[in-house]
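A short worksheet on the structure shown next.
Derivation of every value follows stated rules applied to the coordinates shown; laboratory data play no part. Since the structure is predicted, the reported quantities are computational estimates derived from the model, not experimental observations. Cβ sites come from the backbone with ideal geometry, for glycine too, and all protein chains shown count toward neighbours.
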Amino acid sequence: MTEEQTHIGITLGDPAEAPPMMERLAKCHCGSLRAITSGEPLLVNMCHCLACQRRSGAIASNGAAFAKAQVTIEGPRKVFERNGQSGRKVRFYFCPNCGTSLYWEPDVRPDLYILAVGAFADPDFPPPSASIFEETKHAWTKLPDGMKHFQGTMIASS
Ligand SMILES: [Zn+2]
Ligand SMILES: [Zn+2]
């Protein structure tokens, strides 16, 4: 080993000491459509909009935003595109077999995938920090302290 290689090895550090990049698996109800994420979500939010209520069948949709480079998608998928409230398109990807809406892709932030938090089936997943479209929130829903509250969306057009 040359002096330079030794030096590079020291500079980069021992890989065993580097914190492991947290990997998580989100999958649809039948398991054929999957998303593997690397690292922490950039943002987790809870959306009370009526479109998310219909899409998910739940009274609120919890989404975790990851940079596309953090996400690997595997398996068959179909897409449903609609106009977002921002006026830009949003594409929702779902399993053609079981219908689970696994992730979506907003044109307003083309660098991101938003993944359905429930698809991780992980009660320890990071909680949402923002609550959006509260104008159509079910009145009985109680939210945790410390969340940011928005009428409409919080993601600014880029
Ligand atoms: Zn499926
Ligand atoms: Zn929504």
* Which condition number in (1) over 13 Å from the mean Cα position of the chain (by Cα); (2) surrounded by fewer than 16 Cβ atoms within 10 Å (Cβ to Cβ) is the one that T72 fails? -> (1)
* Could you list all residues from segment 24-57 that are part of a loop (DSSP other than H, G, I, E, B), touching a residue at least 40 places away in the same chain (Cβ under 8 Å) and not polar (S, T, N, Q)? => C28, H29, C30, L33, E40, P41, L42, H48, C49
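Can you confirm whether segment 101-113 contains a residue that is within 19 Å of C28 (Cα to Cα), of a type in the set (G, A, S) and surrounded by fewer than 18 Cβ atoms within 10 Å (Cβ to Cβ)? Lay out the reasoning, then the answer.
Initial filter on segment 101-113 (within 19 Å of C28 (Cα to Cα)): 101-105, 113.
From the residues that got through so far, the ones that are of a type in the set (G, A, S) too are 101.
Within this subset, residues satisfying the condition of being surrounded by fewer than 18 Cβ atoms within 10 Å (Cβ to Cβ) are none.
No.
Tell me, which strands (runs of 3 or more DSSP E) wholly within segment 59-137 include 3 or more residues that are within 16 Å of ligand 1 (Cβ to nearest atom)?
Per the criteria, 78-83, 89-94, 101-106.
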* Please name all residue pairs, on different chains or six or more residues apart, with Cβ atoms under 6 Å, provided the first residue is in segment 98-126 and is in contact (Cβ under 8 Å) with a residue 12 or more places away in the chain and the second residue is of a type in the set (S, T, Y) and part of a loop (DSSP other than H, G, I, E, B). => V108/S86; V108/S157
